[in-house]
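Chemist: My questions will all concern the structure given below.
The values are calculated or read from the model by the stated rules, or taken from the named source; none is laboratory data. None of these values were measured; they are calculated from a predicted model. Cβ: placed from backbone, ideal geometry, glycine included. Neighbour counts: every protein chain shown.
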């Protein structure tokens, strides 16, 4: 009797314990799934907010390239054509956009067009000078407010004073849609233009080039220095206090917040050395110092992975230590060091705070062409657009994030490829 | 300008290499003896003596040229009695006029004079730059070529030089640290000359005053950083509340329960989460999480502001999940198998083994991982800049707007940076606090982890 009670107790206890085991396992499983779900949600948010930025709205405009309005003749030279009065042509086109417009309506309709329309009308003419004195149907870029409305990003059911477009403008937009005079096409501006105050003509080309120049600087500075430092620490350094100090220093430097490196750049590179502000040269130098510990650690690991027998073989046939290291160990470790460097560069690509500190946050409306020109960088561009009150910039920031993520993905893919292609198992 | 000088240097070192090679061959032929090292080493010797002096000239010119020219221009500037000049604006104006003559219209005569002075100085500097590079390369090559005798051990010397270069490379990290410490301390001292350190550390009022007009002193602002520290702490606590359980449980699941296949899929995915730039998390917090937090706060009757500690903290927590999970995963994996086997041997199941044996054994390592995560959370910038707000607010309510150390650094340094007012300098004082705290956390964490590793090795 007593025995069976005990047995029952043990069985129920075992049940409870295995239930507990299951529960604990599911806690872990749920935690993992939650973390991954956030990743999916994050990517979904970016995609759903950003994919519309790859399209822009264009409007059909009838332009009369009248020679008197343009103040040009059919045999004007190229320079004269450059100076044609295209804004007058545009004004005329907008005045005749709908039949019988009142003056106040013309003003409202003007706001449906991008500020870039003058240039588009001009470019069309410069490409086809034979259209002089003819009427042409041209697709021109719509204003960001129209664009956002038609993409469904801004709502039309809010009160009029909280909308960018008032009721009259809305009715005109609706009329355009009805008459098929608007359509959405691929937004080439996003990839060919630099930042702008006007969302419809803002692009990532400028900041992309800025990021490329910055990464180039990072690579030029950090790769040789990291290889030198890791070769020294791995192969030559005597075991003493100073070496230990350097090693502790590197591991602590890896955990210093990035913004502190920005302060270093501001306090030393800009204020003491007087390097030019807002340039990829300074940004790249700061990021190089920041990523150096990461790259050194990776380089040391790949140097360590080369078996000592190779170095010893070289020493045995009479090579000096320097020869053994530089002719045999370093070449074998090179793929590994390159992989580490690319991963460090990927980290540098996403850094924002240090670049803000050294002034790469300035508004730069043109595409940089050199290391010492003021320029933006992709992550800072995203920050500027996120902070911007203008609605049209939100989709731009999400789209710029997609660009940076694709860029990062490619760098990592290259790193993985290098590792798989060249890594040797000893 | 500097591009062509790089080309010049490249040509110089190439020809010095060729010269060194042919010269040593000639010399050994003349003396009829073989040289002690291979000809290439002699060539490298000449090359180094050509390259390094040229690089030193190059960099010192690149760094100091502009400053020296500006100083000369400013010191020779014909100031008009009584007029007040802002040196920075004046310089910018002079530079503009010098670079672009069309700006000269309507500028006063002394600015136009200074601009022409500036451009003539630039020209002189350029010419002397090129000549000095050429001269220094020739001198270097000349010095080196005197040593090109067959009995000279070029290889030994080259290897010694290589050692020096390697030592220089490794000391860059030290220089960086010194640079950080000195720039932070130097600017902070200037800040504490105007604001008392006790006010900074213990006062609760943060109203940094920005002088708008000339002649206003900045002493009227108040710089009590307590609300900023409190905000940083609050965001960090929220972040750890999200990241600590999720990260640790994920690590336990991956290390103890998950099959090889699951590990192989999940680990790279978590690495993606770790590799996403922080500004992307900031965007996510701003666009998705903050509106959600606001709506949630309203639904339970709390008035939440559009940017809140909760939104920023939650997203920051997500950011450090992979950090905690990968560190804890390592730590749990390094608990010796024998402990697990012993526990299973006396009849414990997996959950009991983990809770009663593995976690206590791994505790120091996990604590270390948490400390590192906290240090990362404190130093994180972009998420809080975008999602936490900028108003200093001494509160424990996570639905309210708070500000952090990193946000205040960014806010202080965006826009015009005049290094004569405490508003700008406060960034360096805050940076110093940040640096000291993260360094401290880091050293402790690394010590704990190291000691833990030693115990099981």
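Chemist: Could you list, in sequence order, all residues of region A:122-136 that are outside any helix (DSSP H, G or I) and touching a residue at least 60 places away in the same chain (Cβ under 8 Å)?
Modeler: Selection gives A:132, A:133, A:134, A:135, A:136.
Chemist: Okay, next question. Out of A:176, A:170, which single residue is surrounded by 12 or more Cβ atoms within 10 Å (Cβ to Cβ), within 30 Å of residue A:45 (Cβ to Cβ) and at pLDDT below 90?
Modeler: The unique qualifying residue is A:170.
Chemist: Hey, does region B:416-433 have a residue that's surrounded by 21 or more Cβ atoms within 10 Å (Cβ to Cβ) and within 22 Å of residue B:242 (Cβ to Cβ)?
Modeler: no
Chemist: Residues being part of a loop (DSSP other than H, G, I, E, B) and either within 24 Å of residue A:260 (Cβ to Cβ) or modelled with pLDDT of 95 or more (or both): count how many of those fall in region A:352-370.
Modeler: Within region A:352-370, residues that are part of a loop (DSSP other than H, G, I, E, B) and either within 24 Å of residue A:260 (Cβ to Cβ) or modelled with pLDDT of 95 or more (or both) number 6.
Chemist: Of all residues in region A:199-241, which are within 26 Å of residue A:321 (Cα to Cα), part of a loop (DSSP other than H, G, I, E, B) and touching a helix residue (DSSP H, G or I) at 6+ places or on another chain (Cβ under 6 Å)?
Modeler: A:237
Chemist: Let me ask something additional. Give the residue that is nearest to residue B:157 (Cα to Cα), with candidates limited to residues of region A:322-347 that are more than 10 Å from chain B (Cβ to nearest Cβ) and under 21 Å from the mean Cα position of the chain (by Cα). Reasoning before the result, please.
Modeler: Taking region A:322-347 as the starting set, the residues that turn out to be more than 10 Å from chain B (Cβ to nearest Cβ) are A:324, A:327-342, A:344-345.
Filter again for under 21 Å from the mean Cα position of the chain (by Cα), leaving A:341-342, A:344-345.
On the way: A:341: 31, A:342: 34, A:344: 34, A:345: 35 Å.
Filtering first and then ranking leaves A:341.
Chemist: Applying the selection to region B:234-289, what residues are part of a loop (DSSP other than H, G, I, E, B) and more than 7 Å from chain A (Cβ to nearest Cβ)?
Modeler: Passing the criteria: B:258, B:259, B:276.
Chemist: Quick check on my filter: what residues within region A:1-55 are surrounded by 17 or more Cβ atoms within 10 Å (Cβ to Cβ), part of a helix (DSSP H, G or I) and away from every other protein chain (no Cβ under 11 Å)?
Modeler: A:52, A:53
Chemist: All but one of (1) touching a residue at least 60 places away in the same chain (Cβ under 8 Å); (2) more than 8 Å from chain B (Cβ to nearest Cβ); (3) within 24 Å of the chain's Cα centre (by Cα) hold for residue A:60; which doesn't?
Modeler: All conditions pass for residue A:60, except number (3).
Chemist: Also, quick follow-up: Determine whether residue A:223 is over 22 Å from residue B:377 (Cα atoms), more than 7 Å from chain B (Cβ to nearest Cβ) and buried (at least 18 other Cβ atoms within 10 Å of the Cβ). If you could, list the steps in order and put the result at the bottom.
Modeler: Values: over 22 Å from residue B:377 (Cα atoms): yes; more than 7 Å from chain B (Cβ to nearest Cβ): yes; buried (at least 18 other Cβ atoms within 10 Å of the Cβ): yes.
Spelling it out, residue A:223 is indeed over 22 Å from residue B:377 (Cα atoms), more than 7 Å from chain B (Cβ to nearest Cβ) and buried (at least 18 other Cβ atoms within 10 Å of the Cβ).
Condition check ((1) crowded, with 24+ Cβ neighbours inside 10 Å; (2) touching a strand residue (DSSP E or B) at 6+ places or on another chain (Cβ under 9 Å); (3) more than 30 Å from residue A:377 (Cα to Cα)) across all residues:
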residue: A:248; (1), (2), (3): no, no, yes
residue: A:255; (1), (2), (3): no, no, no
residue: A:321; (1), (2), (3): no, no, yes
residue: A:329; (1), (2), (3): no, no, yes
residue: A:351; (1), (2), (3): yes, no, no
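Chemist: Next question, about the same structure. Residues that are within 14 Å of chain A (Cβ to nearest Cβ) and part of a helix (DSSP H, G or I): does region B:192-213 have at least one?
Modeler: no
Chemist: If you don't mind, there's one more thing I want to ask. Please go through region B:444-457 and pick out each residue that is surrounded by fewer than 16 Cβ atoms within 10 Å (Cβ to Cβ) and either closer than 16 Å to residue B:328 by Cα or within 14 Å of chain A (Cβ to nearest Cβ) (or both). Full working, then the answer.
Modeler: Of the residues in region B:444-457, the ones surrounded by fewer than 16 Cβ atoms within 10 Å (Cβ to Cβ) are B:444, B:447, B:450-451, B:453-457.
Matches in region B:444-457: B:444, B:447, B:450, B:451, B:453, B:456.
Chemist: Mind listing just one residue for me: the one in region A:226-239 that is in contact (Cβ under 8 Å) with a residue 60 or more places away in the chain and within 10 Å of chain B (Cβ to nearest Cβ) and, of those, farthest from residue A:190 (Cα to Cα)?
Modeler: So the residue we want is A:236.
Chemist: Go through A:375, A:397 for me and flag whichever is in a helix (DSSP H, G or I), in contact with a helix residue (DSSP H, G or I) (Cβ under 7 Å, 6 or more places away or on another chain) and more than 15 Å from residue A:347 (Cα to Cα).
Modeler: So the residue among A:375, A:397 that is in a helix (DSSP H, G or I), in contact with a helix residue (DSSP H, G or I) (Cβ under 7 Å, 6 or more places away or on another chain) and more than 15 Å from residue A:347 (Cα to Cα) is A:397.
Chemist: Any residue in region A:173-181 that is touching a helix residue (DSSP H, G or I) at 6+ places or on another chain (Cβ under 7 Å) and more than 30 Å from residue A:92 (Cα to Cα)?
Modeler: For region A:173-181, residues touching a helix residue (DSSP H, G or I) at 6+ places or on another chain (Cβ under 7 Å) and more than 30 Å from residue A:92 (Cα to Cα): absent.
Chemist: Still on this model: Filter region B:133-157 for residues that are part of a helix (DSSP H, G or I), more than 40 Å from the chain's Cα centre (by Cα) and more than 13 Å from residue B:48 (Cα to Cα) and give the result.
Modeler: If the condition is that a residue be part of a helix (DSSP H, G or I), more than 40 Å from the chain's Cα centre (by Cα) and more than 13 Å from residue B:48 (Cα to Cα), then B:146 is the only one that fits.
Results for (1) out of contact with any strand residue (DSSP E or B) (no Cβ under 9 Å at 6 or more places or on another chain); (2) in contact (Cβ under 8 Å) with a residue 12 or more places away in the chain, shown as yes or no for each residue.
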site: A:91; (1), (2): yes, no
site: A:96; (1), (2): no, yes
site: A:103; (1), (2): yes, no
site: A:118; (1), (2): yes, yes
site: A:138; (1), (2): no, yes
site: A:151; (1), (2): no, yes
site: A:159; (1), (2): yes, no
site: A:165; (1), (2): yes, yes
site: A:181; (1), (2): no, yes
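Chemist: Residues to consider are A:210, A:203; find the one that is without any contact (Cβ under 8 Å) to a residue 24 or more places away in the chain and buried (at least 18 other Cβ atoms within 10 Å of the Cβ).
Modeler: On inspection, the qualifying residue turns out to be A:203.
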